[in-house]
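Asks: Structure below; questions to follow.
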Amino acid sequence: MRKNYIFGALFVIAGLLIAIGPKTIFAVCNSDGEMTMKCFYVAQTELAIGIAIAILGVVLAILKDSAAQITASIALALNGIITILIPDVLIGVCKSAHMHCNAVTRPALNILGALVIVLAAIGIVLFREKDSKVNE
Amino acid sequence: MSNKPLTIWQLAVANIKRKPLRTAGLIIIVALVAFVLFAGGILSVSLKNGLESMKERLGADLLVVPVGYDEGVEGIIVKGEPAYFYFDKSVETELEKVEGVKSVSSQFYLTSLNQDCCSVPVQFIGFDPETDFSIQPWISEVYSKDIKDGELIIGSDITADENNRLKFFGEEYTVAAKLEETGTGLDQAVYANMNTLVHLFGAAKEKGLTFIDTIDPESSVSSVLVRLEDGYDLDEVTHNIRASSDGLQVIKTKSMVTGIADDLDGLVSVIYVFAALFLVVVLIMLVIVFSVTANERKKEFATLRALGASGKKLARLVITEALLICGIGGSAGTIVSAVIVLSFSTYIGDRLGLPYLQPGIAGVFGIALLALAVSLGLGPLGSAYTAGRLNRREVYLTMREGE
């Protein structure tokens, strides 16, 4: 099986988890009451980032040109960084260490973001190897 | 061009690459072992640390609370579940007179509202600096000055704002110090002297906390901590206290710790038994896999022997392959386990509902090394039988076997 299919599938899974996870599996705190908590916006933003990662994963699977695959991988790595920055720096989560968004959502997004970065880095190396083999 | 000699290492790497599916399967199995060992190690050490920390932190022999609130006080100490209950302050004076009581100190509990966004209710614990023997020894480790009126000492899980201030019931308070982590519910508490607590109480009343309408903070307390005179028996003093006054629930802190220790022992035993069983099953599985694989590779081994490799070298080849697989699997499993268990430590502690204090970097590193060493050890152990057989067998017999 071609490498970009495997990588593409992994990015689609990670992207969907980032998009839907903060609203389901590792949900942020409940904002049904009068107040809208900070973490609610984390979930909203991650929904967009996650979808972007999933779409880029599909694009990576379709692409045949190594240079384009490397470019897509770089874009994915940047999205992975943003995935981590949103709950940690850009928006942040609820203050209390025991709030669900702080104890569960934030570490889950950090792990998924790191996974996207690592996968993208491996992809860049593999696609570059393929590129240099074609050029030889 | 010079020909480099083919080393055992190169041959082993080539062999495990040649069967990617089998290699991946074995790596995943070993990774699971390392995962379970690391996670189990961290869990059991954290639970033991938590219990030790709680034992040290309690500081009193007996805790006296209003009848029916023993679970409330346990919730505060163990799980960090905020609670409030009150009885008359005169109880403190009465308890001082009881035979066998050396010293007493009262505490006043209050809980915050979900007042500002993104916070959970906080447990306030007010204490009398003149008589306190339970909280101040811990405060003195991080703050040497006297705690002034309006100042707060916060547990390790409470976060102050950038100006070191916290807002409760619409008023701001200065955070004087943050206590070290204990792994108990007390990490989620805010401590202050009685004057500050009375002020907080007033502010809470103004904000419409109706449950405290009938309480006068000047003449009420939530609990009285009791220290025993040397030579007095815990049961005897408990009996004396019960006889002295009605409506009091006496909690022996030792029993509370023992109860938690019993729960903890059960949990830790389950972790150890599961890890041990898993280890044995995987070891048996590896012995079988390596043995079956060696049977499939008879021709390959016979060719290597015909080319001059000794039986010892073949045994070393099989052991190196096993070590490589277990090394990769062990490292991957330990890393994944560390990422998950350490990242979700707060959630794990909350779910267990027991004191949970994660070990420091050195402790975590030690457990990781142990998990890695055990998974690595599975390699030689799992392949020893096959390696021994290869070492003994003759070339001709190996070639002809199965024909």
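The values are calculated or read from the model by the stated rules, or taken from the named source; none is laboratory data. Being a predicted model, the structure only gives us computed values, none of them experimental. Virtual Cβ from ideal backbone geometry, glycine too; neighbours counted across all protein chains shown. Remember, those area values only see protein heavy atoms, side chains included, never the ligands or the DNA or RNA. Shrake-Rupley method; radii C 1.70, N 1.55, O 1.52, S 1.80 Å.
Asks: Would you point out which residue out of B:GLU172, B:GLU180, B:GLU206 is closer than 28 Å to B:ASP88 by Cβ and open to solvent by 80 Å² or more (accessible area, probe 1.4 Å)?
Replies: Working: B:GLU172 fails: closer than 28 Å to B:ASP88 by Cβ; B:GLU180 fails: closer than 28 Å to B:ASP88 by Cβ.
Exactly one of B:GLU172, B:GLU180, B:GLU206 is closer than 28 Å to B:ASP88 by Cβ and open to solvent by 80 Å² or more (accessible area, probe 1.4 Å), namely B:GLU206.
Asks: Does B:ASN163 count as out of contact with any Asp or Glu (no Cβ under 7 Å at 6 or more places or on another chain), away from every other protein chain (no Cβ under 14 Å) and open to solvent by 70 Å² or more (accessible area, probe 1.4 Å)? Reasoning before the result, please.
Replies: Working: out of contact with any Asp or Glu (no Cβ under 7 Å at 6 or more places or on another chain): yes; away from every other protein chain (no Cβ under 14 Å): yes; open to solvent by 70 Å² or more (accessible area, probe 1.4 Å): yes.
Against the criterion (out of contact with any Asp or Glu (no Cβ under 7 Å at 6 or more places or on another chain), away from every other protein chain (no Cβ under 14 Å) and open to solvent by 70 Å² or more (accessible area, probe 1.4 Å)), B:ASN163 qualifies.
Asks: Any residue in region A:116-132 that is surrounded by 15 or more Cβ atoms within 10 Å (Cβ to Cβ) and closer than 22 Å to A:LYS23 by Cβ?
Replies: Taking every residue of region A:116-132 in turn, at least one turns out to be surrounded by 15 or more Cβ atoms within 10 Å (Cβ to Cβ) and closer than 22 Å to A:LYS23 by Cβ.
Asks: Shifting gears a bit: Within the set of pairs 6 or more residues apart or between chains, which connect a residue that is within 24 Å of A:THR45 (Cα to Cα) inside region A:113-131 to a residue that is among the hydroxyl-bearing types (Ser, Thr, Tyr) and surrounded by 15 or more Cβ atoms within 10 Å (Cβ to Cβ) with Cβ atoms less than 9 Å apart?
Replies: These pairs meet every condition: A:GLY113/A:THR83; A:ALA114/A:THR83; A:VAL116/A:THR83; A:ILE117/A:THR83; A:LEU119/A:SER73; A:ALA120/A:SER73; A:ALA121/A:SER73.
Asks: State all residues of region A:83-92 that are open to solvent by 60 Å² or more (accessible area, probe 1.4 Å) and either within 14 Å of chain B (Cβ to nearest Cβ) or within 16 Å of A:LEU115 (Cα to Cα) (or both); if no residue qualifies, say none.
Replies: Here is the first cut: in region A:83-92, the ones open to solvent by 60 Å² or more (accessible area, probe 1.4 Å) are A:85, A:88-90.
Passing the criteria: A:LEU85, A:ASP88.
Asks: With respect to B:LYS148, determine if the residue is away from chain A (no Cβ under 14 Å), open to solvent by 30 Å² or more (accessible area, probe 1.4 Å) and either of a type in the set (Val, Ile, Thr) or outside any helix (DSSP H, G or I) (or both). Show your work before the answer.
Replies: Details: away from chain A (no Cβ under 14 Å): yes; open to solvent by 30 Å² or more (accessible area, probe 1.4 Å): yes; either of a type in the set (Val, Ile, Thr) or outside any helix (DSSP H, G or I) (or both): yes.
So B:LYS148 fits the description; yes.
Asks: So, one more: Taking B:ILE158 as the residue in question, decide whether it is modelled with pLDDT under 85 and open to solvent by less than 60 Å² (accessible area, probe 1.4 Å).
Replies: On the way: modelled with pLDDT under 85: no; open to solvent by less than 60 Å² (accessible area, probe 1.4 Å): yes.
For B:ILE158, the condition - modelled with pLDDT under 85 and open to solvent by less than 60 Å² (accessible area, probe 1.4 Å) - is not met.
Asks: Taking A:LYS95, is it of a type in the set (Lys, Arg), touching a Ser or Thr at 6+ places or on another chain (Cβ under 8 Å) and within 9 Å of another protein chain (Cβ to nearest Cβ)? Even if it seems obvious, please write down each step before you answer.
Replies: Values: of a type in the set (Lys, Arg): yes; touching a Ser or Thr at 6+ places or on another chain (Cβ under 8 Å): yes; within 9 Å of another protein chain (Cβ to nearest Cβ): yes.
For A:LYS95, the condition - of a type in the set (Lys, Arg), touching a Ser or Thr at 6+ places or on another chain (Cβ under 8 Å) and within 9 Å of another protein chain (Cβ to nearest Cβ) - is met.
Asks: Looking for something outside any loop (DSSP other than H, G, I, E, B), out of contact with any helix residue (DSSP H, G or I) (no Cβ under 8 Å at 6 or more places or on another chain) and within 22 Å of B:VAL101 (Cα to Cα) - is there at least one such residue anywhere in region B:243-253? Give the steps one after another, and end with the answer.
Replies: First, the residues of region B:243-253 that are outside any loop (DSSP other than H, G, I, E, B): B:243-244, B:248-253.
Now drop any that are not out of contact with any helix residue (DSSP H, G or I) (no Cβ under 8 Å at 6 or more places or on another chain), which leaves B:243.
Subset that is within 22 Å of B:VAL101 (Cα to Cα): B:243.
Within region B:243-253 (the criterion being outside any loop (DSSP other than H, G, I, E, B), out of contact with any helix residue (DSSP H, G or I) (no Cβ under 8 Å at 6 or more places or on another chain) and within 22 Å of B:VAL101 (Cα to Cα)), the answer is yes, since at least one residue qualifies.
Asks: Check whether at least one residue in region B:215-231 is in a helix (DSSP H, G or I) and crowded, with 16+ Cβ neighbours inside 10 Å, and report yes or no. Break it down stepwise before answering.
Replies: Applying the first criterion (in a helix (DSSP H, G or I)) to region B:215-231 yields none.
There is no residue in region B:215-231 that is in a helix (DSSP H, G or I) and crowded, with 16+ Cβ neighbours inside 10 Å.
Asks: Return the pair list, or none, for Cβ contacts closer than 8 Å from residues in region B:142-158 that are under 11 Å from B:LEU179 (Cβ atoms) to residues that are among the small types (Gly, Ala, Ser) and assigned to a loop (DSSP other than H, G, I, E, B), at least 6 apart or on different chains.
Replies: If the second residue must be among the small types (Gly, Ala, Ser) and assigned to a loop (DSSP other than H, G, I, E, B), the pairs left are B:ILE154/B:ALA160; B:ASP157/A:SER96; B:ASP157/A:ALA97; B:ASP157/B:GLY80; B:ILE158/A:SER96.
Asks: Among B:GLY75, B:GLY68, B:GLY50, which is the only one that is small (Gly, Ala, Ser), out of contact with any Phe, Trp or Tyr (no Cβ under 8 Å at 6 or more places or on another chain) and part of a helix (DSSP H, G or I)?
Replies: On the way: B:GLY68 fails: part of a helix (DSSP H, G or I); B:GLY50 fails: out of contact with any Phe, Trp or Tyr (no Cβ under 8 Å at 6 or more places or on another chain).
Selected residue: B:GLY75, the only one of B:GLY75, B:GLY68, B:GLY50 that is small (Gly, Ala, Ser), out of contact with any Phe, Trp or Tyr (no Cβ under 8 Å at 6 or more places or on another chain) and part of a helix (DSSP H, G or I).
Asks: I'd like the residue in region B:15-49 that is among the hydroxyl-bearing types (Ser, Thr, Tyr) and under 10 Å from the mean Cα position of the chain (by Cα) and, out of all such residues, is farthest from B:GLU300 (Cα to Cα).
Replies: Of region B:15-49, the ones among the hydroxyl-bearing types (Ser, Thr, Tyr) are B:23, B:44, B:46.
Checking which are under 10 Å from the mean Cα position of the chain (by Cα) leaves us with B:44, B:46.
Numbers: B:SER44: 46, B:SER46: 49 Å.
If we take residues in region B:15-49 being among the hydroxyl-bearing types (Ser, Thr, Tyr) and under 10 Å from the mean Cα position of the chain (by Cα), then B:SER46 is farthest from B:GLU300 (Cα to Cα).
Asks: Looking only at region B:252-283, which residues are β-branched (Val, Ile, Thr) and open to solvent by 20 Å² or more (accessible area, probe 1.4 Å)? Explain how you work it out, then say what you get.
Replies: Filtering region B:252-283 down to residues β-branched (Val, Ile, Thr) leaves B:253, B:257-258, B:260, B:268, B:270-271, B:273, B:280-282.
Of everything in region B:252-283, those that are β-branched (Val, Ile, Thr) and open to solvent by 20 Å² or more (accessible area, probe 1.4 Å) turn out to be B:THR258, B:VAL270, B:ILE271, B:VAL273, B:VAL280, B:VAL281.
Asks: Say we look at region B:53-65 and pick out the residues that are assigned to a loop (DSSP other than H, G, I, E, B) and open to solvent by less than 40 Å² (accessible area, probe 1.4 Å); which of these is farthest from B:SER245 (Cα to Cα)?
Replies: Looking only at region B:53-65, we keep the residues that are assigned to a loop (DSSP other than H, G, I, E, B), and these are B:59-61.
So of that shortlist, the ones also open to solvent by less than 40 Å² (accessible area, probe 1.4 Å) come out as B:59-60.
On the way: B:GLY59: 24, B:ALA60: 20 Å.
Within region B:53-65, the match that is farthest from B:SER245 (Cα to Cα) is B:GLY59.
Asks: Applying the selection to region B:353-403, what residues are at pLDDT 80 or above and open to solvent by 80 Å² or more (accessible area, probe 1.4 Å)?
Replies: Correct list: B:ILE361, B:ALA362, B:PHE365, B:LEU369, B:LEU370, B:LEU381, B:TYR385.
Asks: Quick check on B:ALA60: is it hydrophobic (A, V, I, L, M, F, W, C), touching a Ser or Thr at 6+ places or on another chain (Cβ under 6 Å) and either modelled with pLDDT under 90 or under 21 Å from B:GLY259 (Cβ atoms) (or both)?
Replies: On the way: hydrophobic (A, V, I, L, M, F, W, C): yes; touching a Ser or Thr at 6+ places or on another chain (Cβ under 6 Å): yes; either modelled with pLDDT under 90 or under 21 Å from B:GLY259 (Cβ atoms) (or both): yes.
Criteria met by B:ALA60.
Asks: Consider B:GLY308 carefully, then state whether it is surrounded by fewer than 18 Cβ atoms within 10 Å (Cβ to Cβ) and not in a helix (DSSP H, G or I). So that I can check it myself, show each step before the final result.
Replies: Values: surrounded by fewer than 18 Cβ atoms within 10 Å (Cβ to Cβ): yes; not in a helix (DSSP H, G or I): yes.
Criteria met by B:GLY308.
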